[in-house]
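Structure record follows, encoded as structure tokens.
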Amino acid sequence: MAAKKKNKKATVAPSPADNRDFRTGELYAPAPEARDHATIEARYDLFIGGKFVPAENGKVFATVNPATEETLSEVAAAGAADVDRAVAAARKAFPAWSRLKAAERGKYLFRLARLLQERAREFAVIESLDGGKPIRESRDIDIPLAAAHFFYYAGWADKLAYAFPGRNVAPLGVAAQIIPWNFPLLMAAWKIAPALACGNTVVLKPAETTPLTALKLAELIADADLPPGVVNILTGNGSTGDALVRHPDIDKVAFTGSTAVGKRIQKALAARGTPHTLELGGKAAHIIFDDAPIDQAVEGIVNGIFFNQGHVCCAGSRLLVQEGVAGTIIRKLKRRMETLIVGDPLDKNTDIGAINSRAQLERIRELVDSGVREGASLHQSAQPLPAKGYWFAPTIFTDTAQSQRIVQEEIFGPVLTISTFRTPDEAVDKANNTPYGLSGGVWTDKGARIFGATRALRAGVVWANTFNRFDPASPFGGYKESGLGREGGLQGLAPYLHLLP
Ligand code: NAP
Ligand code: MG
């Protein structure tokens, strides 16, 4: 990275083409240099039974950099025969892994966590290249949190008896795990770490558009000398996931993704009674009371919706502002939106990176068009967007109605809807008025208002005077159509165990 230069007083226009941070005046590293920190092979195979092997039918697919539309690598596309092989490898590894002394299992997880920390920079660059997220986020949030997850569950491996006092615990067996593209490595860590700590073996399927960090993790798993077959990684598309879920020899499904696919999986598993956890979509209400610290709240709103381009299941995508402060908040928010830098994900000054895929960009556009058609007022940042790649300007909607699609449906992009309320009860009614119930946020100076609102919100996670903060020790999960079960924390262990009397 380029040396930092102290020049705090310089005022420089917020242009993505400029090589200086307009807030601090510091020079920032040009993108190609950051890219040098990552090795991406031209071709990746599946990771089955501790070995990298091609798909049995020889099929591959391309993973692209959404910021440039360039192909980064070709990746093996697992078919049903590969799912068979991976499940068989996980089955074969299960008896020895589950009987291994728990402290030894913990050691493997500690080793993985440390390896991940050592190679954090490479993982961060690859995460940003493959998925489009700003390097500042992959470097400071995604990768460190993924390592923290391994550390956290490594610690539980030999303490399960303390986690569930008076109960006998036993692992479930082979866990099928399917993850989305918005936090690829972090979601892999959320899935793999608790499963292994509890003594299960795993077949993990990353999302089609972001397979690379899971495959890099497979390299670390091999480096950590995990017994072959304990973790298997199958890249592919939805049909790979479908074949995995329907495989007769799996004992558990852990899925993170859309509510639509989650429902399909639930139906497929219902007849067999396979235990499952589902982490699905969201449409979080972010509630600003009139006594909130305004400038901090505006930063919280920005982080709530524009973090990771709004590709966040728990994004604060529905802003509810108390009438007395609505004018001020909206004015400040519009001004702040203009300063957000949209552009090169590898540039450490970038606030908003690329939209993950063309398909997701089209979905965002379609929903935003519907908002305009249904009468909401659109405000977008006037910043220029790069010509190549998938981009969407930060957007807010005012004059919204509860019935509009933009207010009801998950957009999963940098798009915020704003409505107002008079009383706390009205805020809670509006907040709970969706089929989702994953997260929420409250900004106020009064503890009573925080506790009142958090009790009344039907949401798995509620932040107060902050938003989008994560910690491995705190459970995460949804009500209603946002899912089933919890991940993270002590609660994240139970779904990987038989709890016997
Ligand atoms: P998605 O389309 O449901 O895909 C999620 C994963 O499932 C991907 O690996 C996908 O493979 C795979 N898949 C697709 N069809 C499948 C099928 N029929 N059977 C089994 N697996 C299948 O969701 P997404 O678009 O990747 O992710 C965005 C969604 O995830 C949003 O709704 C978001 O809210 C949700 N999400 C929830 C949480 C949470 O913790 N609650 C966290 C992150 C994201 P391909 O990618 O290869 O198609
Ligand atoms: Mg990609």
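The values are calculated or read from the model by the stated rules, or taken from the named source; none is laboratory data. Please read these numbers as outputs of a predicted model, since none were measured by experiment. Cβ: placed from backbone, ideal geometry, glycine included. Neighbour counts: every protein chain shown. SASA here: full protein model, heavy atoms, side chains in, ligands and nucleic acids out. Shrake-Rupley method; radii C 1.70, N 1.55, O 1.52, S 1.80 Å.
The accessible surface of the chain, taken with every protein chain in place and a 1.4 Å probe, is 53 percent carbon and sulfur. Measure nothing but the geometry: give the 0 to 90° angle between the long axis through the Cα atoms of 102-118 and the longest principal axis through the Cα atoms of the chain, rounded to 10°. Roughly 50 degrees, rounded to the nearest 10. Exceeding 31 Å between C-alpha atoms, which entries from my cross-link table qualify? They are Lys283/Lys332; Lys107/Lys480; Lys263/Lys446. Beyond 31 Å between Cα atoms: Lys107/Lys480; Lys263/Lys446. Principal axis extents of the C-alpha atoms in segment 137-273 (largest first, rounded to whole Å): 39, 37, 28. Between Ile352, Phe110, Leu378, whose Cα lies farthest towards the positive end of the dipole of the chain when Lys and Arg beta carbons carry +1 and Asp and Glu beta carbons carry -1, centred on the Cα centre? Final value for the positive-end residue is Phe110. Evaluated with a Cβ-only charge set (Lys, Arg +1; Asp, Glu -1), segment 302-433 carries a dipole of roughly 300 debye about its Cα centre, given to the nearest 20.
What residues from segment 203-229 fall in the zone where the backbone N is under 18 Å from a label point 7 Å along the Cα-to-C-beta line of Ala96? Backbone N within reach: 203, 221-229. A full extension of the chain between Glu56 and Asn433 corresponds to an added length of 131.0 nm, given 0.36 nm per residue minus the alpha carbon distance. For the pair Arg121 and Glu426, a Förster radius of 60 Å applied to the C-beta separation gives a FRET efficiency near 0.80, rounded to the nearest 0.05.
Angle of helix 358-373 to the longest C-alpha principal axis of the chain, folded into 0 to 90 degrees and rounded to 10: 40°.
Measuring nothing but how far apart in sequence close Cα pairs (under 8 Å, 6+ apart) lie, relative to its length, segment 76-162 scores a relative contact order of 36 percent. In whole Å, how far is the Cα centre of segment 300-363 from that of segment 481-500? Spelled out, the Cα-based centre of one part sits 31 Å from the other. Here the 3J(HN,Hα) profile of segment 227-243, calculated from phi with Karplus coefficients 6.51, -1.76 and 1.60 at θ = phi - 60°, is x, x, x, 5, 10, 10, 10, 10, 8, x, 10, x, 5, 5, x, 4, 4 Hz, Gly and Pro shown as x.
For segment 407-501, what class follows from the C-alpha gyration tensor (a ≥ b ≥ c being the square roots of its eigenvalues): rounded when a/c is under 1.5, otherwise prolate if a/b is larger than b/c, else oblate? Note, shape of segment 407-501 comes out prolate. Along the Cα-to-C-beta direction of Arg365, a point sits 7 Å from the Cα; which residues of segment 274-318 have their amide N less than 17 Å from that point? Under 17 Å, as judged by backbone N against the label point of Arg365, lies no residue of segment 274-318.
Placing +1 on each Lys and Arg Cβ and -1 on each Asp and Glu Cβ, with no other charges, gives segment 159-271 a dipole about its Cα centre of roughly 480 debye. Annotation: segment 79-145 has a Kirkwood hydrodynamic radius of 14.5 angstrom, from the mean reciprocal C-alpha pair distance.
Summing +1 for each Lys or Arg and -1 for each Asp or Glu among the other residues whose beta-carbon sits under 12 angstrom from that of Ala214 gives -1. Per residue, the solvent-accessible area of segment 421-496 (1.4 Å probe, heavy atoms of protein chains only, all protein chains present) comes to 44 Å². Sorted into 10 angstrom bins from 0, the C-alpha pair distances of the chain split as 4, 20, 29, 26, 16, 5, 0 percent. Helix 80-99 axis versus longest C-alpha principal axis of the chain: approximately 70°, rounded to the nearest ten. Length gained on full extension, Asp140 to Gln408: 93.3 nm, using 0.36 nm per residue less the C-alpha separation. Only helices enter the 222 nm calculation for the chain: every DSSP H run of n ≥ 4 contributes -39,500 (n - 2.57), and dividing by all residues gives -11500 deg cm²/dmol, rounded to 500. Can you tell me how segment 43-109 classifies by the Cα gyration tensor, rounded, prolate or oblate, using a/c under 1.5 as the rounded cut? Oblate. Distance from the Cα centroid of segment 391-407 to that of segment 59-125 is 38 Å (rounded to whole angstrom). Among the listed pairs Lys92/Lys252; Lys191/Lys267; Lys191/Lys216, those with a Cα-Cα distance over 19 Å are Lys191/Lys267. For the pair segment 154-233 and segment 234-299, the centres of their Cα atoms are 17 angstrom apart. Rounded to the nearest 20 debye, the dipole magnitude of the chain is 880 debye, with +1 charges on Lys and Arg beta carbons, -1 on Asp and Glu beta carbons, and the Cα centre as origin.
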